Amino acid sequence: MKRTIGLILAVILLISMIGTALATCQHNWFTVSTLRKTMKYEYYRVCNGDCYNGITKPHFHKVITATVTETISLCTKCGEVKKIYSNPVPVKEICTW
């Protein structure tokens, strides 16, 4: 009886290990395309007195960004697609004081 239960548990363990091995894909990413997008995006950041204009009081700076890089990759094993966007690069910073 104990031997039968042990054998059943061993078979269940073996099946679960095989299922886990098949379910997880060791991704092999292949870059399909890289695209540079030029977008104008404005946001404000707080300047706490370290301003390039010598202003020591807290104020706002308007930051204008552009150029975002989009990379599309494809897994050659499972066919999954992923898109990666780089952070926008600041182009210009304007003191609003």
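The values are calculated or read from the model by the stated rules, or taken from the named source; none is laboratory data. Keep in mind that what you see is a predicted model, and the values were worked out from it rather than measured. Cβ atoms come from the backbone with ideal geometry, glycine included; neighbour counts cover every protein chain shown. Accessible surface is based on the protein model in full, side chains and every heavy atom, while ligands, DNA and RNA are left aside. Shrake-Rupley method; radii C 1.70, N 1.55, O 1.52, S 1.80 Å.
Just a few scattered comments:
- Those residues of the stretch 52-85 which are part of a strand (DSSP E or B) and of a type in the set (Phe, Trp, Tyr), in sequence order: 60, 85
- Yes/no for residue 91 being assigned to a strand (DSSP E or B), open to solvent by 90 Å² or more (accessible area, probe 1.4 Å) and among the aliphatic types (A, V, I, L, M): yes
- Only one of the numbered conditions (1) touching a strand residue (DSSP E or B) at 6+ places or on another chain (Cβ under 8 Å); (2) open to solvent by 70 Å² or more (accessible area, probe 1.4 Å); (3) modelled with pLDDT under 80 is violated by residue 55, and that is (2).
- Extreme residue, least open to solvent (accessible area, probe 1.4 Å), among residues of the stretch 28-51 that are outside any strand (DSSP E or B) and closer than 19 Å to residue 87 by Cβ: 39
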